[in-house]
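What follows is a short report on a single structure.
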Amino acid sequence: MTDTTPLSSPPDAAAERAERVEHRWATAAVAILVLFVALATFAALHLAAMPQSRVETADPITLHLDGEFIDSNLGSALEPDGSVIVRGIGQQYSFTPSCMLIPNDTPITFRATSADVVHGFLITGTNINLMLVPGYISSLNARFETPGERLMPCHEFCGVGHEGMWGRIKIVDKAVFARLAASRRRLSCVE
Ligand SMILES: [Cu+2]
């Protein structure tokens, strides 16, 4: 039998060295964990990110019969506080309304759901990206500074017609929007 321990380091010393190295790695692992928890905490507090405080539901079967998502309530609504709520539905294979009218420089809340399967709600050139899940209401606050048009492709595969499922967002000057809102309860840019 050969002894692999070098003469200069008796077995005890080798074990001690191994323990030291192990402690060092354990400390490094804990430090990495602490760093990530600290980063996540900072990001959450800094961005005021909170776990969703509530889950809002909407029955896809009765969506068109009553409640928030009946046809006559879809589109953009000017609220008393000057903000705008945009309500929409995704269904195979379109969005209703298919063109959403939005004022610039105004707090916007999107509220949308699906009437059938999972759809995607994405506005190009922004970080707005939601899933529309049947049974649940997806909600997101946004603000658009400059007028213009943006596309809204469905980005969750929803069936054979998925590739043709596109909506549009038209951002207009807030004064123009206010004039239109004076004469109509719900606005869209569907012609
Ligand atoms: Cu879709």
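The values are calculated or read from the model by the stated rules, or taken from the named source; none is laboratory data. What you see is a predicted model; the values in this text were computed from it and never measured. Neighbour counts run over all protein chains shown; Cβ positions are idealised from the backbone, glycine included. Quick note on the areas: whole protein, heavy atoms, side chains included, nothing else; ligands and nucleic acids left out. Shrake-Rupley method; radii C 1.70, N 1.55, O 1.52, S 1.80 Å.
Values as computed for the structure displayed
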| item | result |
| --- | --- |
| Test item: Cα-centred dipole of the range 38-191, Lys/Arg +1 and Asp/Glu -1 on Cβ, debye | 340 debye |
| 3J(HN,Hα) from dihedral phi, the range 62-69, Karplus parametrisation 6.51/-1.76/1.60, rounded to Hz, x for glycine, proline | 10, 3, 8, 9, 7, x, 4, 9 |
| The chain: Cys lacking any partner C-beta under 4.7 angstrom | Cys154, Cys158 |
| Acute angle (nearest 10 degrees) that the helix 174-183 long axis makes with the longest principal axis of the chain, alpha-carbon atoms | 50 degrees |
| The range 113-163 shape via C-alpha gyration tensor axes, a/c threshold 1.5 | oblate |
| For the range 74-113 versus the range 143-191, the gap between their alpha-carbon centres in whole angstrom | 7 Å |
| Carbon plus sulfur fraction of accessible area for the range 38-191, probe 1.4 Å, in percent | 58 percent |
| Surface per residue (accessible, 1.4 Å probe) for the chain, Å² | 63 Å² |
| Relative packing of peptides 65-78, 27-40 - highest average C-beta neighbours within 10 Å first | 65-78, 27-40 |
| Inter-label distance, nm, simple model (7 Å from Cα along the C-beta direction), Phe157/Asp12 | 6.6 nm |
| Gain in span if fully extended, Arg184 to Thr41, counting 0.36 nm per residue against the direct Cα distance | 47.0 nm |
| Sparse-neighbour loop sites [chymotrypsin sites (Phe, Trp or Tyr not before Pro); the range 155-191; at most 13 other C-beta within 10 Å; DSSP] | Phe157 |
| MRE, 222 nm, helices only [DSSP H, n ≥ 4, -39500 (n - 2.57), over the chain, to nearest 500] | -8500 deg cm²/dmol |
| Angle between the chain longest axis and helix 11-46 axis [Cα atoms, degrees, rounded to 10] | 20 degrees |
| Binned Cα-Cα distance frequencies in the chain - 5 Å width, integer % | 1, 7, 12, 15, 13, 11, 8, 5, 4, 3, 3, 3, 3, 4, 3, 3, 2, 1, 0, 0 |
